[in-house]
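Asker: I have a structure I would like to understand better, so I am pasting it below and will then ask my questions one at a time.
The values are calculated or read from the model by the stated rules, or taken from the named source; none is laboratory data. Everything numeric here is computed off the predicted structure, so don't read it as measured data. A quick note on method: Cβ atoms are made from the backbone with ideal geometry, for glycine too, and the neighbour counts reach across all protein chains shown. The area values use the complete protein model at the heavy-atom level, side chains included, leaving out ligands, DNA and RNA. Shrake-Rupley method; radii C 1.70, N 1.55, O 1.52, S 1.80 Å.
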Amino acid sequence: KATTEMIIKKVEQACKLVEKKGKKAFREFKGKRSNFLFAGTYIWINDLDGYMLMHPIKPKMVGNNYMSLKDANGKRFFVEMINTIIEENEGWVEYVWPKPGEEEPSLKVSYVKKAMCDGKEVLVGSGTYDISKEEIKKLSH
């Protein structure tokens with residue numbers, strides 16, 4: 001099970017890697033041997049315009065814009081994630097989304113952090129479903 005500490009650590013490692021290697025680092029986030037596929041979750045990267053730059057599980061998402069994507073409650077969570085890193089550089093965003101293989105949405109929380117990739121600001125994120133509302137409240141403030 002992914003812990004909040006584990007997610008923060010992996011996102012910070014991913015940011016350092018992207019800042020060092022740029023888009024050439026993207027291949028290191030993919031594949032069964034990747035250290036960034038961990039505890040049932042993964043790292044993804046999108047730009048501040050909402051375009052998916054790297055997704056290790058769903059490569060068809062790459063190149064698409066997700067600014068208008070809403071969760072079951074109508075929250076445009078990519079917009080909130082981008083606003084979080086613009087305003088705070090990093091933070092947690094909660095939303096509802098179906099777990100893999102399920103249809104009903106579950107509470108999900110993602111940690112997002114700003115990084116530089118080939119001279120451009122990007123969002124590096126990772127999320128998990130298995131965090132309680134109480135834990136999320138602690139993360140928020």
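Asker: Tell me, yes or no, whether the stretch 87-103 has at least one residue that is in a strand (DSSP E or B) and over 24 Å from Ala39 (Cβ atoms). Let's see the steps before the verdict.
Answerer: Restricting attention to the stretch 87-103, the residues satisfying the condition of being in a strand (DSSP E or B) are 90-98.
Keeping just the survivors that are over 24 Å from Ala39 (Cβ atoms) gives none.
So far as the stretch 87-103 goes, no, none of its residues is in a strand (DSSP E or B) and over 24 Å from Ala39 (Cβ atoms).
Asker: Take the residues of the stretch 112-141 that are open to solvent by less than 50 Å² (accessible area, probe 1.4 Å), in a loop (DSSP other than H, G, I, E, B) and not β-branched (Val, Ile, Thr): which is farthest from Tyr51 (Cα to Cα)?
Answerer: Within the stretch 112-141, the match that is farthest from Tyr51 (Cα to Cα) is Ser132.
Asker: Six or more apart or on different chains, Cβ atoms under 6 Å: show the pairs whose first residue is in the stretch 62-76 and without any contact (Cβ under 8 Å) to a residue 12 or more places away in the chain and whose second is open to solvent by less than 80 Å² (accessible area, probe 1.4 Å).
Answerer: Final answer for the pair search is Val62/Met52; Val62/His55; Leu69/Phe78.
Asker: Using beta carbons and a limit of 6 Å, which pairs, at least six apart or on different chains, have the first residue in the stretch 40-59 and among the aromatic types (Phe, Trp, Tyr) and the second one part of a strand (DSSP E or B)?
Answerer: Trp44/Gly125; Tyr51/Asn65
Asker: When the residues of the stretch 17-39 are narrowed to those that are basic (Lys, Arg) and free of Cβ contacts under 8 Å to residues at least 60 places away in the same chain, which ends up surrounded by the most Cβ atoms within 10 Å (Cβ to Cβ)?
Answerer: Lys30
Asker: Mind checking which residues of the stretch 51-83 are closer than 26 Å to Glu5 by Cα and part of a loop (DSSP other than H, G, I, E, B)?
Answerer: Taking the stretch 51-83 first, the residues closer than 26 Å to Glu5 by Cα are 52-58, 71, 75-83.
Those that are closer than 26 Å to Glu5 by Cα and part of a loop (DSSP other than H, G, I, E, B): His55, Pro56, Ile57, Lys58, Asp71, Lys75, Arg76.
Asker: Still on this structure, I have one more. For the stretch 96-127, which residues satisfy the criterion of being in contact with a Lys or Arg (Cβ under 7 Å, 6 or more places away or on another chain) and closer than 17 Å to Val11 by Cβ?
Answerer: Residues satisfying the conditions are Cys117, Glu121, Leu123, Val124, Ser126, Gly127.
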